[in-house]
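The values are calculated or read from the model by the stated rules, or taken from the named source; none is laboratory data. Predicted, not measured: the structure shown is a model, and the values here were computed from it. Quick reminder, even Gly has a Cβ in these numbers, built from the backbone with ideal geometry, and neighbours come from all protein chains shown. Accessible surface areas use protein heavy atoms only, side chains included; no ligands, DNA or RNA. Shrake-Rupley method; radii C 1.70, N 1.55, O 1.52, S 1.80 Å.
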Amino acid sequence: MQAEIIAVGTEILLGQVVDTNSAFIARGLASAGIEVYYHSLVGDNANRLTNVVTQARSRSDLVVISGGLGPTKDDLTKQTVAHLLGVKLVEDETAMAKIHQHFLTTGQKLTPNNRLQALYPDGSLPLKNQTGMAVGAFYRAPTGADVMLLPGPPSEMELMFREEALPVLKHAYQREEYLVSKVLRFFGIGESQLVTTLGDLIAKQTNPTIAPYAKVNEVTLRLTATANSETRASDLIDGLVTLIRQRVGDYLYGYGDDNSLANVVVHGLIDRKLTITAAESLTAGEFQSTLGDIAGVSAVFPGGFVTYANEAKRALLDIPNAIIDTEGVVSAATAKRMAEGARRRLDTDLALSFTGVAGPDTLEGQPAGTVWLGLAQRGHDPQAKLVHLTGNRDKIRARTVLLGLDWIRQTLRI
């Protein structure tokens, strides 16, 4: 089963909006055993859209189109596709009732163009929009490729695809072969080193396949297997994961497209019922902000400290003047005292500290990228770690935060 994805929107072509829909749809199709061979992007122009859809239907079994289902003049997708399929547009009564209720509730006037959102190509199966008003559609073509229409806003499209479109596709295309993918996430190892370490596995790959991807500050592997049952495909994946873990297990921190190092660490702390705080100078609160992005972190993170100035380090973390004056702020001694001072102040099980030189200028004779991290654990002497990083201020800070998270992960064997 071969599919093609088309994203519609002049704003995407101009770079004003990033197309996240195509990646989301591709992952969903893969989970249903539908392979995606082509991605296309076209503006809000009927002639160009006709050409792109015609080409897609000539080489694919399914064409999934996102965008252009709204009420404005440049929303032309459903009209163009209906004309191409040789069918008229018909009204979905449920969608139209929802539109009427919306305008009744808001007190706004219902204009004729808003009725367009309730239309879909005749002969299609309408797909309910739970968060918006534009109805989607799935058209089983008697000849040529089938067509699926989805809204452009990700908040509408993702829910419609998950709840409406994907079940329809799985029912429509009963599979004889199952495709299963698993994403492995690594931190602390570069793509070239990872590929070299797994070189023989990659060279001999047949089923499962191994696809490495370098991302910002981490590397991922996507393992994909096909088999005559989902269980068999999963078993093939699990066997390969075991081999990879044996070689690079220390760097493997988690699984999944939507996972992150912060997510793994926070949930590891929650599972262990361990609390954490931080004292940040170099990172100016970025570590604590990263923790705060993870739902449920309040169970283990009571708060922390941003002590950018020396006076704040003294006042909030009880760091003696002698340490700062003698050792300097860019030092192991200061990093240790910052971590232990934060841990004692909030009585947590762990604390991290970050101090150093983000640049572009030097500090205390130390070049940009000189970073000290401190780690304090209840019942243990505080530790410090020196790293030397490259890049601009933002990159140095971002990398420092991840190094702190990974230090926690490895210390607790999360």
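Can you tell me what share of the DSSP beta bridges in region 1-147 is antiparallel? A percent to the nearest 5 is fine.
The answer is about 35 percent antiparallel.
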| field | Signed unit charges on C-beta, dipole axis of region 295-380, positive-most listed residue Pro302, Ala358, Trp372 | value | Pro302
| query | Using a 1.4 Å probe, what is the accessible area per residue for region 61-135, in Å²? | reply | 51 Å²
| request: Return the tail of the calculated pair distribution for region 287-379, meaning the percent of Cα-Cα pairs more than 22 Å apart. | output: 29 percent
| task | Using a Gaussian network model of the chain whose springs link C-alpha atoms within less than 10 Å, name the residue from Leu49, Leu84, Leu69 with the highest mean-square fluctuation. | result | Leu84
| region 358-412 - percent of accessible surface contributed by carbon and sulfur, probe 1.4 Å | 49 percent
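How long are the semi-axes of the ellipsoid equivalent to the chain, from square roots of 5 times the Cα gyration tensor eigenvalues, in whole Å, largest first?
Equivalent-ellipsoid dimensions as semi-axes: 50, 27, 19 Å.
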| remark: Quick calc: nm separation of the 7 Å Cα→Cβ label points for Thr94 and Ala312 -> 5.3 nm
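Give me the orientation-averaged projected area of the Cα convex hull of region 30-179, in nm², one decimal.
Orientation-averaged projected area of the Cα hull: 9.0 nm².
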| said: What translational diffusion coefficient, to the nearest whole µm²/s, does region 185-281 have by Stokes-Einstein, given a Kirkwood radius computed over alpha-carbon pairs, a temperature of 37 °C and 0.692 mPa s viscosity? | reply: 218 µm²/s
| query | For the peptides 144-152, 88-96, what is the packing order when you average, over each peptide's residues, the other Cβ atoms within 10 Å and list the highest mean first? | reply | 144-152, 88-96
| field | For region 293-414, accessible area per residue (1.4 Å probe, heavy atoms of protein chains only), Å² | value | 48 Å²
| task | Would you be so kind as to identify all helices of the chain, as entire DSSP H runs, whose Cα atoms reach 24 Å or more along the helix's own axis and whose mean Kyte-Doolittle hydropathy is at least 0.0? | result | 230-248
| remark: Whole-percent carbon and sulfur contribution to the accessible surface of region 178-311 (1.4 Å, no ligands, DNA or RNA) stands at 49 percent
| request: First check a/c for region 153-242, with a ≥ b ≥ c the square roots of the eigenvalues of its C-alpha gyration tensor; if it is under 1.5, answer rounded, and if not, answer prolate when a/b is larger than b/c or oblate otherwise. | output: oblate
| For region 242-310, the spread of Cα positions along each principal axis, largest first, Å | 48, 25, 21
| Let a ≥ b ≥ c be the square roots of the eigenvalues of the Cα gyration tensor of region 186-229; is it rounded (a/c under 1.5), or, if not, prolate (a/b larger than b/c) or oblate? | oblate
| query | DSSP loop trypsin sites (Lys or Arg not before Pro) in region 175-211 with at most 10 other Cβ atoms within 10 Å of their Cβ, which ones? | reply | Lys204
| query | Of all the accessible heavy-atom surface of region 104-143, with the other protein chains kept in place and a 1.4 Å probe, what percent is carbon and sulfur? | reply | 54 percent
| request: Considering only DSSP beta bridges where both residues belong to the chain, give the percentage that are antiparallel (nearest 5). | output: 65 percent
| In terms of the Cα gyration tensor, with a ≥ b ≥ c the square roots of its eigenvalues, is region 224-271 rounded because a/c is under 1.5, prolate because a/b exceeds b/c, or oblate? | prolate
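Beta carbons within 10 angstrom, averaged per residue: use that to sort the peptides 260-267, 337-344, highest first.
Ranking the peptides 260-267, 337-344 by packing returns 337-344, 260-267.
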| task | Using the Kirkwood radius over Cα pairs, work out the Stokes-Einstein diffusion coefficient for region 328-414 at 25 °C and 0.890 mPa s, in µm²/s as a whole number. | result | 188 µm²/s
